[in-house]
Amino acid sequence: MDVSKPHPARRYDYWLGGKDNFPADRESADMVAEAFPTIRLAALENRNFLRRAVCYLADAGVRQFLDIGAGLPTAGNVHEIAQSIAPESRIVYVDNDPIVLAHARALLNSSPEGATAYLDADIRDPDRILTHPDLTRVLDMDQPVALMLVAIMHFIVDDDGPYELVRKLCDALPAGSYLVMTHATSDHLSPDDLAETNAANQRSGVPFRLRTTEEFTRFFTEFDLVPPGIGSVTAWRPEEYRPHPRAEAVSMLGAVARIR
C-alpha cells in the first residue's frame, strides 16, 4: 500500500470525518478545500442522496445493487440501507483502494437472507468486474440490478472514455435495471473560479474532471429518468422539508434512471 499518494476513497473518508486516511490524503483534500471550501458539505449531501436513492429503489422492488467506487465503510452502507427494507437484497461492492479491501469485512456483514461481496477492481476495467466469479455468484444478471456510480465518474477523465465505460456496464444489465449517479459539476463556477478549481485539483494529485449538466446528461441517453430528473443532489426526492444548502454550495449533480 503506497500511502504517500492520495486516494479518492481515503480523501472522501477524511471529508466525512473518518480516521482511515493518511497525511497525503489530508493534504490533497485540503488543497481542494482551499478552492471549494464547502467540500465537506458536498460529501455529506452526496451520502444523503445515496441513502434516499437506495431506499427508493428498494421500495420499488430492486433487490440487487452493484456499487462501484464504494469507498471506505461508513454509517449507512448500501447493504445496510437496502436490507433494512428488503433483507433478501444482494449487493456487490467494488473499489481499488487496498485500505478499502482491508476494511471490506464491514461490507460483508450481510443479513442471513441476503448476500454481499467485495471486488478489488477498477471501473476502468469493466470486463474484470462483470466476469468476476464473486459478482456472478452473488448477483443474478438476468434480474434487475441497480448500478451505483456515486461520486466516482468525476475521477474518470476524458481520456479514459467515461461515457463508453458507463455504457458498457449498463449494456450488461437487463431491462428494468437502474443507473444511479452523482457527479461534481462546474455549473456554478465563473471562468476564474473554474480555473482556480482545476488548478487545485491538479495540485492535489488526484485526476478530476468537473462536468456541466449537459455533459452529465449524456450518461443517461436513452434511459428513462426517474422524476425529478437531473439536478442538485439536495433536490432529489427530499424526504421532508429542511433548510437545504444552496446548489452552488454543494455543486453535485445526481440522477436515477431506468434502463430499458
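The values are calculated or read from the model by the stated rules, or taken from the named source; none is laboratory data. A quick note: this is a predicted structure, and the numbers were derived from the prediction, not measured. Note: ideal-geometry Cβ built from the backbone for every residue, glycine included; neighbour counts use all protein chains shown. Remember, those area values only see protein heavy atoms, side chains included, never the ligands or the DNA or RNA. Shrake-Rupley method; radii C 1.70, N 1.55, O 1.52, S 1.80 Å.
Principal axis analysis of the Cα atoms in region 119-182 yields extents of 31, 24, 17 Å, listed in decreasing size. Once the mean of 1/r is taken over each pair of separate Cα atoms and inverted, the chain shows a Kirkwood hydrodynamic radius of 18.5 Å. Dividing the helix sum by the residues of the chain, where each DSSP H run of 4 or more adds -39500 (n - 2.57), gives a mean residue ellipticity at 222 nm of -11000 deg cm²/dmol. Only Cα pairs under 8 Å and 6+ residues apart enter the sum, and on that basis the relative contact order of the chain stands at 20 percent. The phi-based Karplus calculation (6.51 cos²θ - 1.76 cosθ + 1.60; θ = phi - 60°) puts the 3J(HN,Hα) values of region 199-213 at 5, 5, 5, 5, 5, 5, x, 10, x, 8, 9, 5, 10, 7, 4 Hz, whole numbers, x for Gly and Pro. Length gained on full extension, Glu240 to Arg258: 4.0 nm, using 0.36 nm per residue less the C-alpha separation.
When only alpha carbons are used to place a centre, region 78-96 and region 56-76 end up 5 Å from one another.
Taking amide H as placed 1.01 Å from N in the peptide plane, the amide H of Tyr118 sits under 5 Å from that of Tyr93, each at least 5 places away or on another chain. Annotation: amide H-H contacts under 5 Å for Leu225 (H modelled 1.01 Å from N, sequence separation of 5 or more, or interchain): Arg258.
Taking every DSSP bridge with both residues inside the chain, close to 35 percent are antiparallel. 3J(HN,Hα) along region 10-17, derived from phi through the Karplus expression 6.51 cos²θ - 1.76 cosθ + 1.60 where θ = phi - 60°, amounts to 6, 5, 5, 4, 5, 5, 7, x Hz, with x in place of Gly and Pro.
Across region 148-204, the volume of the C-alpha convex hull divided among the residues equals 96 Å³ per residue.
The trypsin sites (Lys or Arg not before Pro) found in region 78-168 that occupy coil by DSSP, while having at most 16 further C-beta atoms within 10 Å, are Arg124.
Only protein atoms count toward the accessible area here, which uses a 1.4 Å probe; on region 1-121, the carbon and sulfur part of that area reaches 53 percent. Accessible-area rank, largest first, for Glu222, Glu88: Glu222, Glu88, with all protein chains present and a 1.4 angstrom probe.
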